[in-house]
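Some notes on the structure that comes next.
The values are calculated or read from the model by the stated rules, or taken from the named source; none is laboratory data. Because the structure is a prediction, the values reported are computed rather than measured. Here the Cβ positions follow ideal geometry from the backbone for every residue, glycine too, while neighbour counts run over all protein chains shown.
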Amino acid sequence: MEQSALKPALHLLTVWRIRLLLAALAPSFLSAYFLPWQGILWWCLTAGWVLGFLYFYIAYYPIKLRKLAYSGNEHCLIIHCGVVYTRVKAIPYTSIQYASLFSTPLERLFGICSLAVSMAGARVYMPGLTRNQAKGLQEQLVHKSEGASA
Amino acid sequence: MNKPLPFSRTHPIAIFFYLYRFLYLLLFPLLRGVVSVLTGGLLDWLAGAWMDILIILLMVGLAVLKWSIFQYSFNKNGLNYTEGIFFRQEGFIPMKRICTLSTQQPFWMVPLKIKKLRVDTLALSPNKADLILYLSSAAADQIMALRRRPSLKYPGKNGGSVKAECRPRLLDIVFLSLFTSNSFIGILFISAFISQSGKILGNHLSEFLISVLSNLARQLTGGLAPLSALLTFAFRLPPIATGIAMVLLGGWLIAFLLTLLQTQKLHTSRTKNALHIKGGVLVRKEYSIYMRDLSFIDVRQSLMTRCFRLYSVFLSAIGTGKERSDISALIPFSSRKRCEAQLRLLLPEYVLTPRMLRPNGGAIMKFLIDPLWPCILVPVLTFLGSWLLPMWGELIRFAGLMLSFPAFWFLGVRLMDFLSSGLSRSGDYYTMRYSNLYYLHTVVFSREHIALVNVRQSILQRGDNKCDLVVSTRSEGSNTHHIRNLDWDPTLALFDAVDPIPFYLKPSWFDALNRFFKTTIMKKKPSS
């Protein structure tokens, strides 16, 4: 962690995009089923969800993935993230209580998972890690937090 | 004290508190009653009354069983306990893990010689104590004394000898109550009191209380006729506004008295590794907090107290501030000199250091933009409202005036925040100065109590490389401290959060443009 930064796997973008696709089904179904075909309301709702979909598909998620990176120094774990706001989250190793692995069916399909790092009063997620990366990071974090609090 | 004490039961009064947990069983008699009313079978209901009696007996039986099964043994190593009727639990909470051990004794428990002992650790709900025990006063005092024992091995030798003591003056506590009470809490208290009394003792009492209060209000209006007349005529307030003002004033008075009674007789003492706080009149409270579990101290000021240069110090620790009656003020109200002297005595580790990082002058609008909207909109809407609805003009003008006060007050607070906010570090201790709504905070915490440092930069802040800093401190719930518009790089450096390989931080187009500028335009200059 000290010497190299960890970038999330590219599959994460695919997972996010599939999730977005599934989420887009709801407004498309609503506009098709409940609103009069090509009426003004239909146009407004369709334009709204199509624009939203394109914004997230083309701009938001690629930028989010590009800016997401995990690294660390001798004092803390550092997470770079944010799209509109550029964020740096620093978590001192002393405050880490435990780290656990999470994976949704979609994530499992693409062989990735998330690492949730729990502190007293806060929790951060590190998505887009391969299982081996997450396991290794989990061990490192536990080791470092024990070393820091000893 | 080394060998574990025999297990003992809590005070039998606990049975009444356990009864609460089985109140849902009353649903069955209630349902039976409703069915009987709907079908009109009074005799059938009477014939089946044995079932209701059985259910009540079951409730009492379960409460007694729960009390009988709950047993504890407390020694200097920790608390052993067994509980649960169906799901039996045998637990041990090490003394090291108990962050706050506190006792409470409301006035009605004094003649019964009972105290409520609260055990709090970092785990479980942030809003509820991990374990509550109703004990005889002697047993509770004996347990509290365990934390003060000089022979206590953890966390250090002689951890129990008193190093410093502090008893604030009555005037300081009166000032604290005066400035921190707000009428809304008072009104909430009255309404909760009436509704709860209705629930507990039936609607008759509730109706009686309401009628008594109505009469009192009528008499007060009569008695306070000059005040009412002053508000109505001198300030040209409509009667409804006078009524609201009187209710707010009454609510504030009640809140003031409650705060005063909660904090009266405050006594704080410091041993090597723990802080002991005692106080309260209506509810007597005692807390023992390990220093390592003290999240932060908060020097809190309102706009008015900032103008009078008065300071009050609050503390945040795991297990404190969970109930409204909890004491959280360490130093109620003092001048700067006295406050610093008392802090040096009680908490010498927590030193307020001067600002190292502060927002730049150009960031003033970032501070003022939030209160500026209501400051502009409220007068404009008031003017428009009274112009469009002249019939309601008087009331609209009054409402506008009342709404303008908090808006301009907020503006004042933010202006003060802009002038005073900042960040500093001295050794392992950080001092953050910021505002949250109507209060100005100066918070001091140690490095080991930081849970998460969140540094964020908006698009507008990228130009001059500024950022907002949000620090979450370690506690059961979330406690965040937010400073606006600090320099990005020194902020990261101050929290040791500088990334060794920040190659992904800068956008590639920026790098490309920069490279292009340096390699082409800058290189061409000398040759031309």
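So the values come out like this:
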| read-out | value |
| --- | --- |
| Number of positions in the range A:26-37 that are assigned to a helix (DSSP H, G or I) and surrounded by 10 or more Cβ atoms within 10 Å (Cβ to Cβ) | 8 |
| Among the candidates B:Arg284, B:Arg306, B:Arg355, B:Arg338, residue that is at pLDDT 90 or above, touching a strand residue (DSSP E or B) at 6+ places or on another chain (Cβ under 9 Å) and either surrounded by fewer than 22 Cβ atoms within 10 Å (Cβ to Cβ) or closer than 26 Å to B:Tyr438 by Cα (or both) | B:Arg355 |
| Qualifying residue in the range B:428-449 (condition: part of a helix (DSSP H, G or I), away from chain A (no Cβ under 13 Å) and not β-branched (Val, Ile, Thr)) | no |
| Test for A:Leu68: is it within 13 Å of chain B (Cβ to nearest Cβ), surrounded by 14 or more Cβ atoms within 10 Å (Cβ to Cβ) and modelled with pLDDT of 90 or more | yes |
| Residue satisfying condition, being away from every other protein chain (no Cβ under 12 Å), out of contact with any strand residue (DSSP E or B) (no Cβ under 9 Å at 6 or more places or on another chain) and touching a residue at least 24 places away in the same chain (Cβ under 8 Å), within set A:Pro62, A:Pro127 | A:Pro62 |
| Any chance B:Met432 is surrounded by fewer than 17 Cβ atoms within 10 Å (Cβ to Cβ) and either free of Cβ contacts under 8 Å to residues at least 60 places away in the same chain or of a type in the set (Ser, Thr, Tyr) (or both) | no |
| Given (1) modelled with pLDDT of 90 or more; (2) assigned to a helix (DSSP H, G or I); (3) not hydroxyl-bearing (Ser, Thr, Tyr), number of the condition B:Asn485 does not satisfy | (2) |
| Residues that are touching a residue at least 24 places away in the same chain (Cβ under 8 Å) and out of contact with any Phe, Trp or Tyr (no Cβ under 8 Å at 6 or more places or on another chain), drawn from the range A:22-51 | A:Trp49 |
| In the range B:291-341, the residues that are in contact with a Phe, Trp or Tyr (Cβ under 9 Å, 6 or more places away or on another chain), assigned to a helix (DSSP H, G or I) and of a type outside the set (D, E, K, R) | B:Leu303, B:Met304, B:Thr305, B:Cys339 |
| B:Lys366 assigned to a helix (DSSP H, G or I), among the charged types (D, E, K, R) and surrounded by 14 or more Cβ atoms within 10 Å (Cβ to Cβ) | yes |
| Residues being touching a residue at least 40 places away in the same chain (Cβ under 8 Å) and among the small types (Gly, Ala, Ser) - total across the range A:96-124 | 2 |
| Condition met for B:Leu62 (of a type in the set (A, V, I, L, M) and within 18 Å of B:Leu133 (Cα to Cα)) | yes |
| Exclusive hit being in contact with a Phe, Trp or Tyr (Cβ under 9 Å, 6 or more places away or on another chain) and surrounded by 18 or more Cβ atoms within 10 Å (Cβ to Cβ), set A:Ala90, A:Ala116 | A:Ala90 |
| Count of residues meeting criterion [more than 7 Å from chain B (Cβ to nearest Cβ), small (Gly, Ala, Ser) and not in a strand (DSSP E or B)] in the range A:73-115 | 2 |
| Flag if A:Leu41 is buried (at least 21 other Cβ atoms within 10 Å of the Cβ) and either hydrophobic (A, V, I, L, M, F, W, C) or within 14 Å of chain B (Cβ to nearest Cβ) (or both) | no |
| Scope the range B:450-490; condition surrounded by 17 or more Cβ atoms within 10 Å (Cβ to Cβ), of a type in the set (S, T, N, Q) and within 11 Å of another protein chain (Cβ to nearest Cβ); matching residues | B:Asn454, B:Gln457, B:Gln461, B:Ser472, B:Thr473, B:Ser475, B:Asn479 |
| Single unsatisfied condition, A:Ser31 versus (1) within 10 Å of chain B (Cβ to nearest Cβ); (2) polar (S, T, N, Q); (3) touching a Leu at 6+ places or on another chain (Cβ under 6 Å) | (1) |
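Listed here are the residues, each with its yes/no results for (1) within 30 Å of B:Glu448 (Cβ to Cβ); (2) of a type in the set (Gly, Ala, Ser).
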| position | (1), (2) |
| --- | --- |
| A:Leu6 | yes, no |
| A:Arg19 | no, no |
| A:Ala23 | no, yes |
| A:Leu45 | no, no |
| A:Phe53 | no, no |
| A:Tyr61 | no, no |
| A:Leu65 | no, no |
| A:His80 | yes, no |
